[in-house]
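The values are calculated or read from the model by the stated rules, or taken from the named source; none is laboratory data. All values derive from a computational prediction rather than experimental measurement. Reconstructed Cβ throughout: ideal geometry from the backbone, glycine too, with neighbour counts over all protein chains shown. Side chains included, ligands, DNA and RNA excluded: accessible areas come from the protein's heavy atoms. Shrake-Rupley method; radii C 1.70, N 1.55, O 1.52, S 1.80 Å.
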Amino acid sequence: MLPFRRRHTFGALIPRSVCTESCLPGYRKAPIERKPICCFYCVPCAEGEFSNSTDMEHCATCPEGEWPTDRKDGCIQKAIVYLSYSDFLGAVLTSLSIVLSMSTAVVLGIFLRYRDTPIVKANNKDLSYALLVSLLLAFLTSLLFIGRPARLTCLIQQAAFGIIFTVSVSCVLVKTITVVIAFNAIKPGSRLSRWLGSQVSASMVLVCTLGAVVICLTWLLTYPPNPATDTQSEIGKVILQCDNGSVTAFYGILAYMGLLAFASFTVAFLARNLPDRFNEAKLITFSMLVFCSVWVSFLPAYLSTKGRYMVAVEIFAILASSAGLLGCIFIPKCYIILFRPDINKKCI
């Protein structure tokens, strides 16, 4: 029996033609099995769909760049998100970058102020200056990854990161090799002393850096990074990010840095017990252990995250590995320079 609705038309009762109330916007009609067509369920629209009129049989999909409202009765623009300076995460990473940059500048100032002391001169002070400057730039490079992605920043952020980090690791490698050469040069009849000059060290750093420059130039000329949008990682949001372009080039530059870091660790580990008052091989060994641990942990973390959190992981790896080099190599020396000047004397 059909339900009736009372109407005041000549006092008559008019039968209704449905057995279900109308489905409101945000819902669609779903027929009930073995029931008349006028009987149906009102089913909420699925995620990402909407209906903007009553008794719709099918929900519609929003246009690109839009998302259903909370009631799923219309579409609104998706929220545009990226790792910005105003976000909590972006603000924390920015603050860390600035603090570590200032700390590196202070250490560089200390080394310049005490450049004539034995602990600064013992392990090629020019390489120490170059390493500190490259670490300073590495900390500042992380700021390129924060903010709204643009074509220019996307082009230079990965290349700058790769080249500057290669300079840092190359300086560490050459400093380690210098320790070994200096020890063997004092042996009678050794001709290794000619390899201790600053020009030789600078040439070795340039040769090591050249590999990274070639990789980055090839990367930029073939498949350069560009701004991109990600509409899948977070529901209802459009994530702005930089597409790396060539995945091979990105992991290639990481592999090249890893090769240099492993070589530095190996040489430093073998030279850690050389009898030298200011032998920094032990410091380099530990710093390279920290450096390699950070970047080995970076890979699975980077691959398992998406959107702005992927960018945050890379920034954290840059800051953590650079801080490891700064803290392990230079902080113990600064302690001796400032608080133990009695140790900072040349042995007679």
Regarding the range 246-263, can at least one residue be identified that is over 17 Å from Lys175 (Cβ atoms), open to solvent by less than 80 Å² (accessible area, probe 1.4 Å), without any contact (Cβ under 8 Å) to a residue 40 or more places away in the chain and not small (Gly, Ala, Ser)? yes
Collect the residues in the range 103-128 that are open to solvent by 40 Å² or more (accessible area, probe 1.4 Å), over 24 Å from the mean Cα position of the chain (by Cα) and over 13 Å from Ile337 (Cβ atoms), keeping them in residue-number order. Asp126
Is there any pair with a first residue in the range 78-93 that is among the acidic types (Asp, Glu) and a second that is open to solvent by less than 60 Å² (accessible area, probe 1.4 Å) whose Cβ atoms are under 8 Å apart and which are 6 or more apart or on different chains, and what are they? Asp87/Arg308
Show the residue pairs that are 6+ apart or on different chains and have beta-carbon atoms under 7 Å apart, the first residue being within the range 313-338 and farther than 20 Å from Ala281 by Cβ, the second being outside any helix (DSSP H, G or I). Val313/Thr305
Name the one entry in Gly189, Gly197 that is under 22 Å from Ile119 (Cβ atoms), surrounded by fewer than 17 Cβ atoms within 10 Å (Cβ to Cβ) and modelled with pLDDT under 85. Gly197
Could you give every pair whose Cβ atoms fall below 8 Å, whose first residue belongs to the range 39-67 and is at positive phi, and whose second residue is open to solvent by less than 40 Å² (accessible area, probe 1.4 Å) and in a loop (DSSP other than H, G, I, E, B), counting only separations of at least 6 or pairs across chains? Gly48/Cys62; Asp55/Cys23; Gly65/Lys78; Gly65/Thr231
Conditions (1) surrounded by fewer than 21 Cβ atoms within 10 Å (Cβ to Cβ); (2) modelled with pLDDT under 90; (3) of a type in the set (Ser, Thr, Tyr); (4) not in a loop (DSSP other than H, G, I, E, B); number of the one not met by Ser287: (1)
